[in-house]
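Shown next, in structure tokens, is the structure this report addresses.
What follows draws every value from the coordinates through simple rules; no lab data is involved. Predicted model only: the values in this text are computed from it and were never measured. Using ideal geometry, Cβ is built from the backbone for each residue, glycine included, and neighbour counts are taken over all protein chains shown.
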Amino acid sequence: QGIANAVGMALAERHLRARFGAGLVDHNTFAIVSDGDLMEGISHEAASFAGHQQLGRLVCIYDDNHITIDGPTEITMTDDAVARFRAYGWHVEDIGEVANDLDALEAAIRRALEVEDAPSLVVLRSHIGYPLPDSIDTSAAHGAITDADEIARAKQIMGLPVDQPFHVADDVLDAYRAAGRRGSSVRDEWEKRLADWGGNRERFDACLAGRGMTGWLDSLPTFEPGASVATRKANTKVINSIADMVPGLVSGGADLTGNTGTDLDAEMMTADHPDGRLVAYGVREHAMGAIANGMALHG
């Protein structure tokens, strides 16, 4: 469900950016997806939805290693992922055999980030188990125990100290520490923008926290004991009564909005109107649940 969760996170980012401005909400969503992930039916639903919504800040990196636990993907899958995602309306970067070329990977991701009107798939032909000399390109790399001899030979290939059970190279440590300093600085800048922002802070905080504003319980409707009210009708009344006091409430349905009573009296959330609060998921029930989870996790 990870790819659908990522779609939900990207959808939430765009929605909040439209409502509160890029000064407060302005990020990309990245997901690493595998051969197995793209076999799952939910990936078809979620990818179709993301393409239709034109989620330009969503970048999925496809780890195309052609291996699953039971063996090569050829025994179960002959899909053309590039053609499939292009058909969904995605931008596709098919960069080939460059799994260990970080410069090529970064260049592809940066090209993807320039595409604002479509989600992107970066197809990376990789070799599972690299640089384990006996396990590379085999299902054993998925979880079999690697013996000490093969680990030692892999360390030699990578130029790592064979006699150290745990080793972090100085340049790697420096890079992570630099990233931490950079992230801290960016966070401080964001905190200042938030403090200086003249908008409704309580409404913004409620959206991120997934809660109602002060007094929201008072907006709940009441129903007479013994009254005959269909559950879906009661649901419609409840969500519309609390919508203003629960600003992060977004509703929708899988082609059954009216039937299930989730028809919030709000504008539809589309690529042209990302601030809408009613999502038309289409007949994509499985993806709907996971996309909603992603939105909730994001806030």
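General observations
- Qualifying residues in segment 187-240 (those that are surrounded by 14 or more Cβ atoms within 10 Å (Cβ to Cβ) and without any contact (Cβ under 8 Å) to a residue 24 or more places away in the chain) - the one nearest to Gly21 (Cα to Cα): Asp205
- Search result, residues across segment 259-280 that are within 22 Å of Ala234 (Cβ to Cβ) and either within 20 Å of the chain's Cα centre (by Cα) or of a type in the set (S, T, N, Q) (or both): Asn259, Thr260, Thr262, Arg277, Leu278, Val279
- Restricted to segment 31-140, the set of helices (runs of 4 or more DSSP H) holding at least 1 residues that are under 27 Å from Met9 (Cβ atoms) and among the hydroxyl-bearing types (Ser, Thr, Tyr) comprises 41-53.
- Pair list, Cβ < 6 Å and 6+ apart or interchain, from segment 149-161 residues that are under 12 Å from Ser135 (Cα atoms) to residues that are not in a helix (DSSP H, G or I): Glu150/Leu132; Glu150/Asp134; Arg153/Pro133; Ala154/Pro131; Ala154/Leu132
- Selected residue [without any contact (Cβ under 8 Å) to a residue 24 or more places away in the chain and not aliphatic (A, V, I, L, M)] from Asp63, Asp37, Asp26: Asp26
Results for (1) within 18 Å of His15 (Cβ to Cβ); (2) touching a Gly at 6+ places or on another chain (Cβ under 8 Å), shown as yes or no for each residue.
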| residue | (1), (2) |
| --- | --- |
| Ala154 | no, no |
| Arg181 | no, no |
| Gly199 | yes, yes |
| Gly253 | yes, no |
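- So Ala50, is it aliphatic (A, V, I, L, M) and surrounded by fewer than 20 Cβ atoms within 10 Å (Cβ to Cβ): no
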